[in-house]
Amino acid sequence: HEFSRLCNWLHQPNNLPTTIKIGTPLLSHHHATTTLFQAIISAATPTLAPDEALIMIAHHSRHPQAADTYHQAAAIARATSPHLFLGTHPNPANATAIAQTCHKLNYRHARLYPFTLTIGTTAQQILHPTAPNSWSTTLTQHHITATPHPIPLASHPTIIEYWLQQATQLLT
């Protein structure tokens with residue numbers, strides 16, 4: 001949303017700076033999103049049980065463009081691995097739908113990871129094991145044991161590499 005607003009502002013006649021370079025959001029490119037999800041599932045696969053799902057949870061947005069981006073990214077996650085899901089918080093309907101899908105696929109355990117760059121308030125809410133509308137609570141209601149993993153995306157080597165590539169492109 002902020003990226004779109006900045007681009008629109010820059011296209012106004014009196015707002016053109018002499019030089020500006022903008023990196024693109026992580027989920028704006030199919031290839032970058034696919035690479036990220038492949039790296040995430042590859043890192044988890046050695047210890048991922050057959051009855052275990054890996055659920056990445058992003059911050060929900062009411063902005064239509066963000067919703068569309070998350071929907072596309074969730075489809076990429078599912079195409080990457082049947083064990084991998086991308087959900088949003090707070091979004092009880094999304095949590096319930098993913099919990100129902102996990103239950104139908106006989107996943108009895110789920111690892112919950114924040115799809116956030118850092119562990120802030122939102123990530124803490126996402127991972128809180130006993131909050132009424134938390135993902136852990138929703139999964140437990142569907143007989144799925146949820147295990148929170150407070151590991152931000154910023155600690156993932158693939159994300160760091162993506163940032164370095166973006167910075168290099170912007171500086172050249």
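Read-outs: derived from the displayed coordinates by stated rules, not from any lab. The model shown is predicted, which means the values in this text are computed figures rather than measured ones. Cβ coordinates were reconstructed from backbone atoms using ideal geometry, including for glycine residues, and neighbour counts include every protein chain displayed.
For residue 87, nonlocal amide neighbours, meaning residues 5 or more places apart or on other chains whose placed amide H falls under 5 Å from its own, are 56, 57, 58.
A straight line joining the Cα centroids of the range 109-172 and the range 26-91 runs 10 Å.
Close amide H contacts of residue 116 (hydrogens built in the peptide plane, cut-off under 5 Å, sequence separation of 5 or more or a different chain): 153. Sequence-ordered 3J(HN,Hα) estimates for the range 147-162 from the Karplus curve with 6.51, -1.76 and 1.60 and θ = phi - 60° stand at 10, x, 10, x, 10, x, 4, 5, 8, 8, x, 5, 5, 4, 4, 4 Hz, glycine and proline given as x.
Helical runs assigned H by DSSP (4 residues or longer) give the chain a calculated mean residue ellipticity at 222 nm of -15000 deg cm²/dmol, each run adding -39500 (n - 2.57) before division by the residue total. With each label modelled as a point 7 angstrom along the Cα→C-beta vector, the residue 163-residue 151 pair spans 1.7 nm. Projecting the Cα positions of 97, 28, 171 onto the charge dipole of the chain (unit charges on Cβ atoms of Lys, Arg, Asp and Glu, taken about the Cα centre) puts 97 furthest along the positive direction. Please state the shape class of the range 2-166: rounded when a/c is under 1.5, otherwise prolate if a/b exceeds b/c and oblate if not, all from the C-alpha gyration tensor. Prolate, because a/c is 1.5 or more and a/b exceeds b/c. Working from Cα pairs under 8 Å separated by at least six residues, relative contact order for the range 106-163 is 42 percent.
Ordering 153-160, 96-103, 61-68 by mean Cβ neighbour count within 10 Å, with the highest value first, yields 96-103, 153-160, 61-68. Kindly list the residues of the range 49-87 that lie in the label zone of residue 5, defined by a backbone N under 12 Å from the point 7 Å along the Cα-to-C-beta vector. 63, by backbone N distance to the label point.
Multiplying the residue separation of residue 63 and residue 45 by 0.36 nm and removing their Cα-Cα distance gives an extension gain of 3.2 nm.
Shown in residue order for the range 63-73 are the 3J(HN,Hα) couplings computed by the Karplus curve 6.51 cos²θ - 1.76 cosθ + 1.60 at θ = phi - 60°: 5, x, 5, 5, 4, 5, 4, 5, 4, 5, 5 Hz (x for Gly and Pro). The calculated FRET efficiency for the pair residue 12 and residue 34, based on their C-beta separation and a Förster distance of 30 Å, comes to about 0.30.
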